[in-house]
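First the structure, in the form of structure tokens, and then the observations on it.
Please treat every number below as a calculation from the coordinates, not as lab data. Please read these numbers as outputs of a predicted model, since none were measured by experiment. Every residue, glycine as well, gets a Cβ built from its backbone with ideal geometry; the counts of neighbours run over all protein chains shown.
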Amino acid sequence: MVQNMAVSNFVHPTTQREDLLLLTPIQEVFQEKINNTFGWFDYILFCGMLVVSAIIGIYFAFFAKQKQNTTSEYLMGGKSMGLFPVAMSLIASWVSGITLLGMPAEIYTFGTQFWTGIIGIFLSTTAAGLFYIPVIHHLQLTSSYEYLAMRFDYRVRTLGSALFLISHLLYIPIVIYLPALAFSQVSGVNLHLVTPLVSLVCIFYTSLGGLKAVVWTDAIQMIMMFGASIVVVIIGTIAIGGPSVVMERSHQSGRIEFFNTMSTGLNAMSGVIYEDFILPCLKNKPSEERASFSMKVMCVLLGIFCVGMVFMVEKLGAVIQVSASFAGITSGPLLALFTLGMFFRWTNAKGALSGGIFGLVVMGWIVFSSQYAISSGQIKLPVKPMNTSGCENLGNHIETLSPVTESIFHSLTSTPATTEEEIETPWVLFRISYTLYSMMGFILTMIVGLGISWISGGADTEKVSLDLLTPLVRRYHEKRLKKLHVTKVDSSALLLRSRTAESFVEKSVTEGMENYSKDKNGHFIVKEEMIRQLLMSVNHEEISRMNKIQH
């Protein structure tokens, strides 16, 4: 069945006119009518994957040495997960049906310009690994949004958590919808029956097995996704004549241009809701068992909500654009909140809160206005030629493409029909590509956050621990401390605010001058070997950091 789909869904573009795309004869590929439904082997694979996922959840819930009865086990897997499953799970968290089904449809319809997003992905993941993740890992936090409370205050943490929840509650229903749509087309089972069936298994192993079940299930699913993708690419390429033919026909049609998600999301959202919204409202901290049970219940409720949202997603039309647009509302401001805290020691809670709210409101306005302009026909996205007229061997377009392709194309790339009447051109901000929304939100939040922090006087930098700064900025401040010299100090008072430090210096001067020297004006200068002891009297955190540097 996989082979049939790979071959049947491939369109051979050769352009004779700008508005006409013909299919070259491929009757040698087909010797019989293509069957677009599941066979017994396909059902075995599908059901087997669901059963394996459920078994993993049951194992970690009831049979593993470490039960999922504490928040540490449930949310962080006891901090004992191996490199390979964690790496596979991280990849699977962002490789969804949108990626496997939506990206090919997007590129085939609008061209390979979408490939340039790989550059941004590479830069962003590199930056995250170098500047952001080391801070969170060093602090050993259950939720990364705890950082915002440590760096700013609880209001900023609540804002960050809310941005995260909004983005995932809008994203996960789309992730559920697309695979369910594909399965419905190839199996004949009603879409609204497939959706709760598949989601139920995911909710089951996530709520019971916690992060360990999520990670190992993601790892297995990722291997299967990679394997299936490789097989489809190889079979499809061979069927139409090899890589050179693929590139040639893609170039002729103008397509070559050079310029798991659900389980991980449910696990993360349950932790964020409990830690950031429920726990602060409780007078007495509940036991670990009770907290773990509460998060399992929230996981189930969130899963049910996301399944219900699929009914709305079904009506959206261009799903891939909608999903990326919704992500742009929250991802830019959220990144800016962490950047304000980790890169700028002087920014304060007022600036972060104001910038985050401003970025959220403005980007929400731009995104929803743009979506309205698209739905009303004011914005019409140009597509590549897909007319299959003239194909005598396979008939019209609908007969050539499988129902899966038709449904995916309609859901991911459809745009409203426009009339010949003159339509008002929307404002320039509403015509900006949805791929730039995240960057816009980030820039707006940074500008407002820095500006408000500066106007309001900034934060007391001495109270901002170096542990809360990104390694690059942290090293800068550590070098500054290491080179610190207290100069032009007389015997009456050291130019330090701490009375303890003043007493320490006066006592040292009285007992002996071996730790000090005088300049030509008679002022005492503290020798460098005394700097650490002086700082000990003023700031214990900073001297602790200096000790780490010296060792």
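For Cys299, Cys306, Cys47, the sequence from fewest to most other C-beta atoms within 10 Å is Cys47, Cys299, Cys306.
Looking at segment 436-486, the trypsin sites (Lys or Arg not before Pro) that sit in a DSSP loop and have at most 16 other Cβ atoms within 10 Å of their own Cβ are Lys483. For segment 37-311, lysine pairs with C-alpha atoms less than 24 angstrom apart, excluding pairs fewer than eight positions apart on the same chain, total 13. For the peptides 104-113, 427-436, the ranking by mean Cβ contacts within 10 Å, running from highest to lowest, is 104-113, 427-436.
Would you mind ranking Val232, Val135 by Cβ crowding within 10 Å, fewest neighbours first? The partial results should precede the final answer.
On the way: Val232 19, Val135 22.
The order, fewest Cβ neighbours first, is Val232, Val135.
The listed peptides 443-453, 337-347, ordered by packing as a protection proxy, come out as 337-347, 443-453 (highest mean of other Cβ atoms within 10 Å first).
For segment 37-311, the square roots a ≥ b ≥ c of the C-alpha gyration tensor eigenvalues yield an a/c of 1.5 or more together with a/b exceeding b/c, which makes the shape prolate. In terms of other Cβ atoms within 10 Å, Lys296, Lys285, Lys212 run from fewest to most in the order Lys285, Lys296, Lys212. Under a 5 Å amide H cut-off, with hydrogens placed 1.01 Å from N, Thr347 pairs with Ala459 among residues at least 5 apart or on other chains.
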